[in-house]
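Reviewing the structure listed below.
The values are calculated or read from the model by the stated rules, or taken from the named source; none is laboratory data. If you're wondering where the values come from, they're calculated on a predicted model, not measured in any experiment. Here the Cβ positions follow ideal geometry from the backbone for every residue, glycine too, while neighbour counts run over all protein chains shown.
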Amino acid sequence: MTAPGDITRLLAGFERGDRQATERLANLVYAHLRRLAAAKLQNERTGHSFQPTMLVNDAILKLAGKRFSIKNRAHFFALAARCMRQILVDHARQRNAVKRGGGAEMIVWDENLEYSDEKPNQLLLLDGALTRLAIFDEQKARVVEMKYFGGMTNEEIARTLGVGITKVKEQYSFAIAWLRREFES
Amino acid sequence: MTPENFQKIDTIFNRAKKLSVRKRSIYLSRVCRADLRIRREVEELLAQHDRSTAFLGIFTSGASQKVSHYAIREHLGGGGMGFVFKAEDTRLDRFVAIKALPPWRAQLQEARDRLLQEAKLAAALNHPSIVTVYEVLQEEMGVFIVMEYLAGQTLRDLIPPRGLQAQQALGYGLHIADALDCAHADGILHGDLKPSNIFVTEDRRVKLLDFGLAVPLYSDRASHDAAGGLWGTRAYMAPEQLGGTSNDPRSEVFSFGLVLWEMFTGKHPFAARIRNVSESSWSLPKRRLARIPLAVESILRRCLEREPQRRFPSMRELNAALKDICGSTPISEGTISTESARHRSSELQKAKAAIGRMNYESFAQSRRAFEELGQLLKTSGSETVRAAIGNSMRDLILYVPEPKSGIVSPAVRETRRLALELLRLASRDNLLVYLQPDDLKYLDLWNMDFSRLKLTGFRFDRSFLIETSFEGSDLTHDAFTGAWIRNVNFTNADLAEVDFTDADWFNALGLTKKQLRSVRLETLMPCPATEVRLREYLDNAYDVSIGAWSDRVREQIIAAWTEYLQPHGLRDFVNLLHGHPENPV
């Protein structure tokens, strides 16, 4: 477990751009998000669904609160978005292993991602497609990741990537067209 | 595809997507020249871009991007219930918006019927703030609604992070309320009111969109469909809709309250709690209220009541209340110019000065301020003054400084008592205008006068109620869970369905057997039977309020308990009730 002062130190390191601190912070965020997600997913019966972006928001409030400048806050969101993606993919893999088969699924691009463990395939397909997209253009894949898993606004994404909002919108619309085509083929 | 190609495709795609279909092909021929592979890639992506946000495109045939004489131009938005496209009416040569079912629903008869019904309901409404329906197409591909095309933004995109300017928010609010009022008057509920369904055109006109979940008023569709799925948008639903009932105009009053709140503050009022508006503890965030004008705040509180019966009973009344404050309230500087407005603002100044003098430091000062404020409430007709007093008195009642010596001082008690008096006056005996049902939880209330009030649904959980009067009050469905009730006057109070779980009774006065029978009997229990049990209570059950008190106070409580555990209180009644069940008392 982390000592109480630890997180402050890591956040400071993260703000300075310290690689090691960032990595440890990512681990921390990951662990925290996973606990939150697990709690959501173990609650009640099967067929859970929740909005991952809410969890990310929650985690950030808990871990960092208002200690960040706006710029670093956006960066931190991006970090959390990546963690969230990893967690959901892991969970979907497990679910899939349990479910087996399941046949062809209707794939729907849902702007307000509500993660439901009843459709693990959908998420795994998206994850795979995003990984392929990253080979050609990492930034586009990251835009989708931040929007979809982190619930970030165009403005926040622009700040994180150091580009204009128009650019973010362009990247997004291209990425979505590309992903859709991937899904169809 | 190679990374270099990818770059090229990206650039061409971004330029081409903004062009019309004909110009696109000219542009593509020019830039792609002989490179057919790139051209094909771009065309595929453009087709995806144009189709829909669904991964399965709506016009899967690819060839025809036309419905009847409408040429589909671009995808404008959409969700689970339908997609909206911008299209060109090739006969009348104008743009229209076309709503279509998402592909995975297009062939469902039920979904088609719903879309048809949506068109019918929306077409039945003729209001400048409701989107106009031109026609409905029933094609082989599905059902389509053709509507007026609007250029602008939805409120979802328009509201800045810290909210709109008050004037603007109120202006939009009025238009929305008016449109809903009109719809309700025609017997139609929108059913899915939220910022993304409210459009503001470039010339600042408000339009209600998406009657996809609209229902005839008081029809019997529940908010859950047969499969148990929830219709509508969770975050903008009223609690009773989450519970499964809908079709009540008061649910829409609630959704409207959420939208209005968001316009003023930029935030959903329940966002901090993951938008779980169904949770049992019910209170609006207090900190954000600074951004909301006082007069609007009391309207908002009434919209966002948990219990439908405490909200505005209809859109009409809400609409009237909004119009009322627009006419009478200085919403922001520059809107007041008339003589009466100046007069009101001087009254407001007076009220604010007196409010400032009512405090917990000096009772004498509070008493004078109290008289002044009471006078103002009697003479002033201004709703703003009323709201200013009501809101401050509520805060005075709810936020008492930590007692230093462990005892709430007489000055504090008395000041609070006066504050309650003013709150009654300001709210015209309807405390719900200012108080949330949960507000009185955990409070230590001495000598307060709640008599002849309608408190239905209030919670006094773990409150310390001493020498307080509920004489003749309507306490139906109230809760006194874990409360201390000492010398409390319940004469003629309506106690039907009241929850007294774990409440400790010492001389509840004026209770009749008849009253007691209407209480939720299973929640009644005898007083703690032994001193040991009482001490346990003080150590565990009351950790929030009493547990933190000094030993001296604890001893006082124990002494009081011992004194009153004489056969005066509730215990005898309860014993009687339980002892002779066959013999009604």
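Quick look at the values:
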{"item": "Single condition residue B:288 does not satisfy, out of (1) closer than 23 Å to residue B:196 by Cα; (2) within 14 Å of another protein chain (Cβ to nearest Cβ); (3) modelled with pLDDT under 65", "result": "(2)"}
{"item": "Hey, residue B:206 touching a strand residue (DSSP E or B) at 6+ places or on another chain (Cβ under 9 Å) and farther than 16 Å from residue B:255 by Cβ or not", "result": "no"}
{"item": "Hits in the stretch B:361-375 (condition: touching a residue at least 12 places away in the same chain (Cβ under 8 Å), more than 31 Å from the chain's Cα centre (by Cα) and not in a loop (DSSP other than H, G, I, E, B))", "result": "B:363, B:366, B:367, B:369, B:370, B:372"}
{"item": "Selection within the stretch B:26-44 - without any contact (Cβ under 8 Å) to a residue 12 or more places away in the chain, within 51 Å of the chain's Cα centre (by Cα) and crowded, with 18+ Cβ neighbours inside 10 Å", "result": "B:44"}
{"item": "Count - residues of the stretch A:147-179 that are at pLDDT below 80 and touching a helix residue (DSSP H, G or I) at 6+ places or on another chain (Cβ under 6 Å)", "result": "3"}
{"item": "Selection status of residue B:317, assigned by TED's automatic domain parsing to the domain that holds residue B:165, modelled with pLDDT of 85 or more and surrounded by fewer than 17 Cβ atoms within 10 Å (Cβ to Cβ)", "result": "yes"}
{"item": "Extreme residue, farthest from the other protein chains (Cβ to nearest Cβ), among residues of the stretch A:151-185 that are within 11 Å of residue A:74 (Cβ to Cβ) and outside any helix (DSSP H, G or I)", "result": "A:162"}
{"item": "Scan of the stretch B:349-388 for residues that are under 17 Å from residue B:324 (Cβ atoms) and modelled with pLDDT of 80 or more, ordered by number", "result": "B:385, B:386, B:387, B:388"}
{"item": "Filter result (within 11 Å of chain B (Cβ to nearest Cβ) and closer than 17 Å to residue A:80 by Cα) within the stretch A:139-150", "result": "A:139"}
{"item": "3 or more residues crowded, with 22+ Cβ neighbours inside 10 Å: qualifying strands (runs of 3 or more DSSP E) within the stretch B:415-511", "result": "B:484-489, B:504-509"}
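Yes/no matrix, rows are residues, columns are (1) in a helix (DSSP H, G or I); (2) at pLDDT 80 or above; (3) surrounded by fewer than 17 Cβ atoms within 10 Å (Cβ to Cβ); (4) of a type in the set (Val, Ile, Thr):
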position	(1), (2), (3), (4)
B:240	yes, no, no, no
B:247	no, no, no, no
B:259	yes, yes, no, yes
B:269	no, no, no, no
B:277	no, no, no, yes
B:282	no, no, no, no
B:300	yes, yes, no, no
B:312	no, yes, no, no
B:327	yes, no, yes, no
